[in-house]
Amino acid sequence: MFWRSVVGKLWFTILLLVSVVLTILTIMLLQYFDKFHTDQAEERLTSHAHMTASILEHYDTEDTALSTSMKLADHYNMKLMLLIDDGNSWYYPEEDQVPIELFKNDPELSEVITKNEVVVTRGDFPFYVNGEEIHNEVLVVGIPVNFVQNRSGVLYIYQYLEVIEEATLQTKNIIYLAAGIAIILTTIFAFFLSTRITAPLRKMRQASLEVAKGNFDTKMPILTRDEIGSLAMAFNRMGRVLNTNLTALNQEKEQLSRILSSMADGVITLDRKGSIAVTNPPAEQFIQAWHFEQSTNNNENTDDLPKAIKKLFQQVVALEEEQMVEVDVQGRAWVVLMTPLYDDNFVRGAVAVLRDMTEERLHDKLRKDFIANVSHELRTPISMLQGYSEAIIDDIAGSEEEKKELAKIIYDESLRMGRLVNELLDLARMEAGHIQLNIEPINIREFSRRVLRKFQGVAKDHNIQLRAEIAEVDHQIMVDSDRIEQVLTNLIDNAMRHTSVEGSVTLVVSPLREGIKIDVRDTGSGIPEEDLPFVFERFYKADKARTRGRAGTGLGLAIVKNIVEAHNGHVSVHSKLGEGTTFSFFLPSKIDE
């Protein structure tokens, strides 16, 4: 792995480059010093040859000249050979003899004899040492000589190149040693340099890994002002920009998430394949309701969305236009508005907004029912008023008693119309939150008995037992006495109208830890189970065949619910057909302002 790192590559590159340079330089130096030593040896040997020739030429006696020449040869490690024109020859040392024919027959060496010129040459010449022929590299200098006795000859001085090679070998060893030391120093220097250069890069790599983990506060120390320092500055600037951008992106993402979570409408984002990518809580509720409906119907279809929405998505992708459809899931009506999402010029998905229109549909139905019920409730008394008024005007009623009866009917119906209008106004004010409560402490036992006494006469007339089960209440409660009396009046009146002869209506007051519970229980005809969820709606009426006496307006229970809820309480009903009905409401001891 070392060779794959920047340190290894840089170190190897520097070492290779220096090695190549040192190799070339070593070769050139070796060639230079080899030639240098050879030239130096030729110059020295030539100089010694001239010196020896001068000795032979200027000394008075040959013995003295030869003796001096031998000393000179021993001192400079040279070999001498002297050829005299009378055919004689002289060697020194005598054991190293070269055949005379070699000097005479060699084209280059013979030029000293034939042309009387100085010759310097080197070659592999055969020598005889102690009678044994030896081949060796030899440097030879030939020079003509004129003796004082008017004789002439040729002096050959030669020297083995082993001496030169020893000097050359020492020079090579020095060069090799210097090259080796240079390689070692270069290796250390290259490793140190590459390590120093790559140390910031390693730190930057570690910092980039920290940034990749999300630690955008990681900083690179700026130690130099070169390219690495500029890179560190750029890295720190990049970290700051990334931190700023990601912070802004996270804020936008959180803002979008909060917006989606707080939306009352459902939002579903679909990708190109129609798979769900993003949803918000209302959309998740819609999907859960769809899955529940699928499992309830034992449907093997495992689609994430209804077929109508799948088809709508296909239309949006194909037409690249906004589309809308209405879907019913678990009895609730949803309007789905789907818009395409674009990626440059292509549709990459769609976003669907789901709005639960159940309440709007219910409100529309209630509005229509309200108008129909009000029209129905007003039409009957108005028709009766109109008919009986015409009877009086046309003198159809002959006697005074008949006229009084007709006038009494007209009066009762006008009171009914007034009561209906007043109750509608009260209910409208309550539902708009404009109800005013005059809170005061009351004794619930005395209050309940007082309300119950109002119905004693009516109960006696219709042979109905009116009972009271009022427990001991050791504290007073804070309520609007007039409004609570209105509640009890409506409930007891309803109970008596729906109770047959010899039936009973019971008022039960039970103290609780946080307030009181009041029950109005009758033994009347009861309410059908399917009608129980609607008894507190406006204009709900039981079957008139089950009622006795005058019919109500259908607004009493709606008013009861609004008054109780205005006191921070709650009301409920339990009934069984043919056995009776119990209306219960709870009132807290204290009402939060």
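Within segment 573-581, is there a residue that is within 20 Å of Arg483 (Cα to Cα), assigned by the TED database to the domain that holds Asp482 and at pLDDT 85 or above?
Yes - at least one qualifying residue is present in segment 573-581.
Condition first: over 10 Å from Leu466 (Cα atoms) and in contact with a helix residue (DSSP H, G or I) (Cβ under 8 Å, 6 or more places away or on another chain). Now tell me which residues in segment 482-507 satisfy that.
If the condition is that a residue be over 10 Å from Leu466 (Cα atoms) and in contact with a helix residue (DSSP H, G or I) (Cβ under 8 Å, 6 or more places away or on another chain), then Arg483, Ile484, Glu485, Gln486, Val487, Leu488, Thr489, Asn490, Leu491, Asp493, Asn494, His498 are the ones that fit.
Does Ala178 qualify as being open to solvent by 20 Å² or more (accessible area, probe 1.4 Å), in the same structural domain as His50 (by the TED database) and either part of a strand (DSSP E or B) or without any contact (Cβ under 8 Å) to a residue 60 or more places away in the chain (or both)?
Yes; evaluated as a whole, the condition is true for this residue.
Go through segment 4-63 and report how many residues are among the hydroxyl-bearing types (Ser, Thr, Tyr), modelled with pLDDT of 80 or more and open to solvent by 40 Å² or more (accessible area, probe 1.4 Å).
Going through segment 4-63 one residue at a time, the tally reaches 5.
I'm checking my understanding of the structure. Among residues of segment 397-419 that are surrounded by fewer than 13 Cβ atoms within 10 Å (Cβ to Cβ) and farther than 22 Å from Leu555 by Cα, which one is modelled with the lowest pLDDT?
Gly398
Among the listed residues Asn494, Asn463, identify the single one that is in contact (Cβ under 8 Å) with a residue 60 or more places away in the chain and open to solvent by 20 Å² or more (accessible area, probe 1.4 Å). Working first, answer last.
Values: Asn463 fails: in contact (Cβ under 8 Å) with a residue 60 or more places away in the chain.
Just one listed residue meets the conditions, Asn494.
Across segment 472-484, which residue is modelled with the highest pLDDT among those that are part of a loop (DSSP other than H, G, I, E, B) and surrounded by 12 or more Cβ atoms within 10 Å (Cβ to Cβ)?
Going through the qualifying residues, I end up with Asp480.
Go through the residues of segment 375-384 one by one and say whether even a single one is modelled with pLDDT of 75 or more, of a type in the set (D, E, K, R) and either open to solvent by less than 60 Å² (accessible area, probe 1.4 Å) or within 16 Å of Asp265 (Cα to Cα) (or both).
There is no residue in segment 375-384 that is modelled with pLDDT of 75 or more, of a type in the set (D, E, K, R) and either open to solvent by less than 60 Å² (accessible area, probe 1.4 Å) or within 16 Å of Asp265 (Cα to Cα) (or both).
All but one of (1) among the aromatic types (Phe, Trp, Tyr); (2) modelled with pLDDT of 75 or more; (3) in contact with a Leu (Cβ under 7 Å, 6 or more places away or on another chain) hold for Phe147; which doesn't?
(2)
Exactly one of (1) open to solvent by 60 Å² or more (accessible area, probe 1.4 Å); (2) in contact with a Gly (Cβ under 9 Å, 6 or more places away or on another chain); (3) modelled with pLDDT of 75 or more; (4) not polar (S, T, N, Q) is unmet by Asp85. Its number?
(3)
Can Pro281 be described as modelled with pLDDT under 80 and either within 30 Å of Gly214 (Cβ to Cβ) or surrounded by 11 or more Cβ atoms within 10 Å (Cβ to Cβ) (or both)?
no
Could you list all residues from segment 497-524 that are open to solvent by 30 Å² or more (accessible area, probe 1.4 Å), in contact with a strand residue (DSSP E or B) (Cβ under 9 Å, 6 or more places away or on another chain) and not hydrophobic (A, V, I, L, M, F, W, C)?
His498, Glu502, Ser510, Pro511, Glu514, Lys517, Arg521, Thr523
I'm trying to understand the selection: among the residues of segment 213-264, which are in a helix (DSSP H, G or I), over 30 Å from Thr358 (Cα atoms) and either open to solvent by 100 Å² or more (accessible area, probe 1.4 Å) or assigned by the TED database to the domain that holds Thr358 (or both)?
Listed by number, the residues that qualify are Glu227, Arg237, Arg240, Gln251, Glu252, Lys253.
Quick test of your reading of the structure: Lys368 fulfils all but one of (1) of a type in the set (Lys, Arg); (2) surrounded by 13 or more Cβ atoms within 10 Å (Cβ to Cβ); (3) modelled with pLDDT under 75. Name the failing condition by number.
It is condition (2) that Lys368 fails.
Considering every residue within segment 181-197, establish whether at least one is under 28 Å from the mean Cα position of the chain (by Cα) and over 30 Å from Gln31 (Cβ atoms).
No: zero hits.
Can you tell me which residues in segment 151-175 are of a type in the set (D, E, K, R) and assigned to a helix (DSSP H, G or I)? So that I can check it myself, show each step before the final result.
Filtering segment 151-175 down to residues of a type in the set (D, E, K, R) leaves 151, 162, 165-166, 172.
Within segment 151-175, Glu162, Glu165, Glu166, Lys172 qualify.
The values are calculated or read from the model by the stated rules, or taken from the named source; none is laboratory data. Because the structure is a prediction, the values reported are computed rather than measured. For neighbour counting, all protein chains shown are included, and Cβ atoms are generated from backbone atoms with ideal geometry for every residue, glycine included. SASA here: full protein model, heavy atoms, side chains in, ligands and nucleic acids out. Shrake-Rupley method; radii C 1.70, N 1.55, O 1.52, S 1.80 Å.
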